[in-house]
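The values are calculated or read from the model by the stated rules, or taken from the named source; none is laboratory data. Quick caveat, the model's predicted, so the values are computed rather than measured. Note: ideal-geometry Cβ built from the backbone for every residue, glycine included; neighbour counts use all protein chains shown. For accessibility, only protein heavy atoms count, side chains too; no ligands or nucleic acids. Shrake-Rupley method; radii C 1.70, N 1.55, O 1.52, S 1.80 Å.
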Amino acid sequence: MTALHDDALATLRAWGSGDARQQALRERMVTHLEAHPDGLGRSCPGAHVTAGVLVLSDDHRHVLLTLHAKARRWFHLGGHCEPQDRTLAAAALREGLEESGVPDLVLVPGPLHLDAHVVGFCGEHPQVTHLDVRFLALAPAGAVPEVSEESLDVRWWPVGDLPTESAELRELVAAGVALAQAWSSRAI
C-alpha cells in the first residue's frame, strides 16, 4: 500500500455527508480501494479514484471552469492521481494549479463532493469509471487563469450563470459556495 492509498482510504472513511447518494458513493469508493491496492492508478481496470477541485473566487461569486479538450464540455478542474501525490488533497491541489495556472490556491480541508462517471477517453481503456473525490479551493483576489494543454479554455463564470445546464455541475457549485461561506466565516 502506498501513502496515497492509505490517505485516500482514511480520508473517505472519515468523510460524511447527510446526503444518502453521497454516502453510497463514499462506501463504493472505500470498497473499491479496499479491494484494489492500485485503485488510484490509471492501470486499475474498470475504475479508479481521481481528484478534482472546484475553484471559487475569493468573494465566492465566480467559479473557475475548464473547457475540457477531449470532452469539449465545461467542468471543474481535476484529473488522475500521480505517483508523486502523497494525499488526495495534494493531488486535487496539483490538478488545480496545473489546469488553472493560478498560484496560491487555498484548499479547504476535507472533500466537498463525490461523483462517479464513465469516461470513454481514458488511456488504453475504452471505458472506465472515474470515482472523483472533489475538494474546494479559493483563489486569491484578482486571479487570472491560464489555459493549459488539457483545455480549450479556462475562465471565470458567475456561480448563478454557468455555461451548462448540467444539474451535477450546478449541485457541485452550490455545495462549494455553501462550504466556502461556512469555512470563511470560521476563518475570520
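Could you sort 24-33, 46-55, 84-93 so that the peptide with the highest average Cβ count within 10 Å comes first and the rest follow in order?
46-55, 84-93, 24-33
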Notebook entry, point to check: What part of the accessible area of the chain, given as a whole %, is carbon or sulfur when the probe is 1.4 angstrom?
Noted result: 54
Next item on the list: Mind putting a number on the dipole of the chain about its Cα centre? Charges go on the C-beta only, +1 for Lys and Arg and -1 for Asp and Glu, and I need it in Debye to the nearest 20.
Entry: 360
Item checked: Probe 1.4 Å, protein heavy atoms only - accessible area per residue of the stretch 82-161 in square angstrom -> 48
Margin query: With a 1.4 Å probe and all protein chains kept in place, how much accessible area does D19 have, in Å² rounded to the nearest 10?
Written below: 70
Notebook entry, point to check: Once the mean 1/r over all distinct Cα pairs of the stretch 132-188 is inverted, what Kirkwood radius in angstroms do you read off?
Noted result: 13.4
Next item on the list: Report Rg/Rh for the chain, rounded to two decimals, where Rg is the Cα radius of gyration and Rh the Kirkwood radius.
Entry: 0.94
Next item on the list: Taking each pair of different alpha-carbon atoms in the stretch 51-146 once, compute 1/r for the pair, average those values, and report the inverse of that mean as the Kirkwood hydrodynamic radius in Å to one decimal.
Entry: 13.7
Next item on the list: Binning at 5 Å from 0, report for the stretch 23-104 what percent of all alpha-carbon pair distances ends up in each bin.
Entry: 3, 14, 19, 23, 18, 14, 7, 2, 0
Notebook entry, point to check: If one computes P(r) from the Cα atoms of the stretch 1-51, what percent of pairs lie at distances over 16 Å?
Noted result: 35
